[in-house]
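Remarks on the structure that follows.
The values are calculated or read from the model by the stated rules, or taken from the named source; none is laboratory data. Treat the numbers as computed from the prediction; the structure is a model and nothing was measured. So basically every Cβ, Gly included, is an ideal-geometry build from the backbone, and we count neighbours across all protein chains shown. Just so you know, the surface numbers come from the protein's heavy atoms only, side chains and all, with ligands and any DNA or RNA stripped out. Shrake-Rupley method; radii C 1.70, N 1.55, O 1.52, S 1.80 Å.
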Amino acid sequence: MADFSQIALETTPDIPIYRQLADRIRSLVDSGLIQSGEKLPATRELAGLLRVNRTTVSAAYAVLEQSGILEGHVGRGTFIAKVGKTERPLIQSTDWEKILPALENAAPAPGKIAISFASSRPAERSFPLAQFRRLTKEVIDSPEASQILQLGSSHGYPPLRRYLLEQATSAGIARPTDDLIITNGCQQALDLLARLFFSENRTGNNGVALEDPVYHGLIRVFSRAGANALSIPVDAAGLDPALLEETLQQYRPRLLVVTPSFQNPTGATLPPDRRQRIVELAQRYSVVLVENDIYSELRYQGPHLPTLKQLDESGNAILLRSYSKVSFPGLRVGWVIAPQPVIARLAEAKQLSDLHSDQLSQAVLLRFAESGELEHHLARTRSAGAELLACVLESCAGFLPPGSRFTRPTGGMSLWVELPAPLLADSLLRRARERGVDFLPGRYFSARRPHARGFRLSFGGLTPAEIARGLEILGEAARAELASFANAAPLEPVAALV
Ligand SMILES: Cc1ncc(COP(=O)(O)O)c(C=O)c1O
């Protein structure tokens, strides 16, 4: 009988202890020191002998059982299998954490959340379901149905593509030298662009100039593509052109990505003079301008402003749009309008990625737009959005601790709060979650700057009552946090409003 207490295990981070134990037992079998049919110590007993956790021994036995080396008999114990020596290799249970890269900035699982300011999305209670069902049925019953169900073009469902291009042309946004591709939302457009301009084009400068703070999904696609994020601070009127010019001069990035209207996360909108200036700077420094125009239709007050693409006389700007914020994000339909060579390359990249976007979604959204239902829905969304915005501004003023600053958007779904020192967004979030309220802290939106006191409040999916209650709870959480600072210094208002 082998002396199991002699089994030597190492504390090495490379091989987990249960695997080492399985390997040692297997060697004992292979060298004949334990014979087939012999009984192994009970898991508790072996765990005691080796001073390891009982679950470690169970895991080792499980691996050996899977490999046919051990046999477990309920109530009798674990035995060396009758086959004796085995030629079969140990079945490796895959260590996924080791193989796969770590999740970047993975959100900790929130507790029981009753009111979430964490997601920038429309309220599903406002989806016009009756119209959606009727229009979907019309599409399914139409003569085009079999065409829609067949494989299609990487550029998108042709009737929707034609419709969007005509609309953009008559609005003075698309030029004769432009083309259009449908993507799975704006997110895929960003991903394809990042691959095109960076991963597949690694030579030379790999800088991408980004607003800071900026939408986290944007930072991640560019960093994964190997781009070097250059941060341009955003203030209450959006991206600062003077700071942009410094960065363009110094680093000559390849791409500049701007969200001119109701920027995520700040809600800031670029005024006309800044728009003009940014377009001129992009031309002067030969940087490709990508305009992420996903929120501009959600304007609740003030005049409509021209897109950067309209202002860009060079014709080089790339415009991204999406149906996600104005209708149904679950259908995943967005599009890109850009010079023809860029669209041709995007179509090639899209073909490699997913062949093309789902045609039923595209056909239904086309029906939704052409029937006028989209316009009705937008009108209702804007008036509901105006009410939510008024409520969130009033609640911020009423409940956030003195010294807090927050942006005052005129549309969109989000605003940005800066807490006064010594409060930090992450500590506030911990307390807020204990009370059932969630939001995204500033670090999620960091291109480079930390934003430790900043956080985003997304209000598009909530009711006015939830917004008011949520902010009341945030206010209480902030007071509790302040009380925990032993010799709390007087609150200092933050210097810059972003
Ligand atoms: C600024 C910005 N860009 C892109 C996206 C992704 O949008 P889509 O649903 O169209 O993929 C979002 C979604 O929140 C966003 O806020």
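Data table
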{"read-out": "Amide H within-cut-off set for Gly460, under 5 Å, with H built and near neighbours excluded", "value": "Arg121"}
{"read-out": "Between 0 and 90°, nearest 10: helix 17-30 axis offset from the chain longest Cα axis", "value": "40"}
{"read-out": "Only Lys, Arg (+1) and Asp, Glu (-1) charged, at Cβ; the range 360-498 dipole about Cα centre in debye", "value": "400"}
{"read-out": "Degrees between helix 241-251 axis and first principal axis of the chain (Cα, 0 to 90, nearest 10)", "value": "50"}
{"read-out": "Solvent exposure ordering (accessible area, 1.4 Å, most first) of Arg51, Arg162", "value": "Arg51, Arg162"}
{"read-out": "With at most 15 other Cβ atoms within 10 Å, longest stretch of the chain clear of loop GluC sites (Glu not before Pro) (DSSP)", "value": "314-498"}
{"read-out": "Evaluated at q = 0.20, 0.21 Å⁻¹: base-10 log I(q)/I(0), Debye formula over Cα of the range 168-303", "value": "-1.35, -1.46"}
{"read-out": "Convex hull volume per residue for the chain, taking Cα atoms only, in Å³", "value": "230"}
{"read-out": "Fraction of beta bridges assigned by DSSP in the chain that are antiparallel (%, nearest 5)", "value": "60"}
{"read-out": "Accessible area of the chain belonging to carbon and sulfur atoms, whole % at 1.4 Å probe", "value": "53"}
{"read-out": "Orientation-averaged projected area, Cα convex hull of the range 331-458 (nm²)", "value": "11.9"}
{"read-out": "Karplus 3J(HN,Hα) series, Hz, for the range 157-163 with 6.51 cos²θ - 1.76 cosθ + 1.60 (x for Gly, Pro)", "value": "5, x, x, 5, 4, 4, 4"}
{"read-out": "Translational diffusion of the range 109-161, µm² s⁻¹ [Kirkwood Rh, Cα pairs; Stokes-Einstein; 10 °C; 1.306 mPa s]", "value": "106"}
{"read-out": "Hz values of 3J(HN,Hα) by residue in the range 271-282 - Karplus curve (6.51, -1.76, 1.60), Gly and Pro given as x", "value": "x, x, 5, 5, 4, 4, 5, 5, 4, 4, 5, 4"}
{"read-out": "Accessible area (Å², per residue) of the chain, counting only protein heavy atoms and a probe of 1.4 Å", "value": "46"}
{"read-out": "Two-decimal Rg to Rh for the range 226-384 - Kirkwood Rh, Cα set", "value": "0.98"}
{"read-out": "For the range 99-225: rounded, prolate or oblate by the Cα gyration tensor [a/c cutoff 1.5]", "value": "oblate"}
{"read-out": "Along principal axes, Cα extents of the range 169-225, largest first, whole Å", "value": "36, 27, 21"}
{"read-out": "Acute angle (nearest 10 degrees) that the helix 54-66 long axis makes with the longest principal axis of the chain, alpha-carbon atoms", "value": "90"}
{"read-out": "Residue-by-residue Karplus 3J(HN,Hα) for the range 369-377, coefficients 6.51, -1.76, 1.60, Hz, glycine and proline x", "value": "6, 5, 6, x, 5, 4, 4, 4, 5"}
